[in-house]
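The values are calculated or read from the model by the stated rules, or taken from the named source; none is laboratory data. Treat the numbers as computed from the prediction; the structure is a model and nothing was measured. Backbone-built Cβ (ideal geometry, glycine too); neighbour counts: all protein chains shown. The protein model used for the area step is the full one, side chains on, heavy atoms only, and it has no ligands, DNA or RNA in it. Shrake-Rupley method; radii C 1.70, N 1.55, O 1.52, S 1.80 Å.
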Amino acid sequence: MFNDEVVRHYQQFLDNRRRLRPDGEYRAPTSTEWSEFEQHFDTRKVELGDCGRPYASDCRHEHACIRCPVLRVNPQMAFRLEEIETDLIARRARIDAEGWLGEIAGIDLTLRLLRQKQVEAERLAYVPQTVDLGIPVVVPHGRQYEEVRRSSTLPGRGRKG
């Protein structure tokens, strides 16, 4: 099952683009092409969340997701980030003990980026699913506005008279 909104937006993008270009440049995708497009979204699902890389692009970070800026962390995987951090800290201690100086910068970078992912996961865990925008207030224009302003209270103002 694919995110209907993603597919709908992609189809809208294609429709808009087709309207701007000569008809001969575009054709309906074949079932194989559409299947490949859908498969791309399946392959973006990774252990820690979703990979946000563009369609038909390879992983530029060789699947080092902790270091990747397009990883969208699933807040439910925060426990896994903690496990990875514990492992990296233990590896860092071993690196120091063994004197593998060439490994220090890489582990430190990974730890820094992992901690950014932890902050992101914590932030996403508290993002409300719905937002109350309130009830809109219709403010009259022109002559109606002046009549209402003289005889009643407008939002954010005291009684006028």
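Here the dipole of segment 46-90 is about 260 debye; that uses its Cα centre as origin and unit charges on the Cβ of Lys and Arg (positive) and Asp and Glu (negative). In this view, the solvent-accessible surface of VAL127, computed with a 1.4 Å probe and all protein chains in place, comes to about 70 Å². The simple spin-label model puts a point 7 Å past each Cα toward its Cβ; for ALA105 and ARG91 those points are separated by 1.7 nm.
For ASN74, the residues 5 or more places off, or on other chains, whose built amide H falls under 5 Å of its own are GLY49, ASP50. Amide H contacts under 5 Å for VAL46: CYS51, restricted to partners 5 or more places along the chain or on a different chain, H placed in the peptide plane at 1.01 Å from N. The largest accessible area among LEU81, LEU20 belongs to the first residue in LEU20, LEU81, and the rest follow in falling order (1.4 Å probe, all chains). With N as its number of residues, segment 1-112 has a Cα radius of gyration that, divided by 2.2 N^0.38 Å, comes to 1.54. Solvent-accessible area of THR43, all protein chains in place: 70 Å² (probe radius 1.4 Å, heavy atoms, ligands and nucleic acids excluded). Each residue of segment 90-96 was assigned a 3J(HN,Hα) from its phi angle through the Karplus expression (A = 6.51, B = -1.76, C = 1.60, θ = phi - 60°), giving 5, 5, 4, 5, 5, 4, 4 Hz with x at Gly and Pro.
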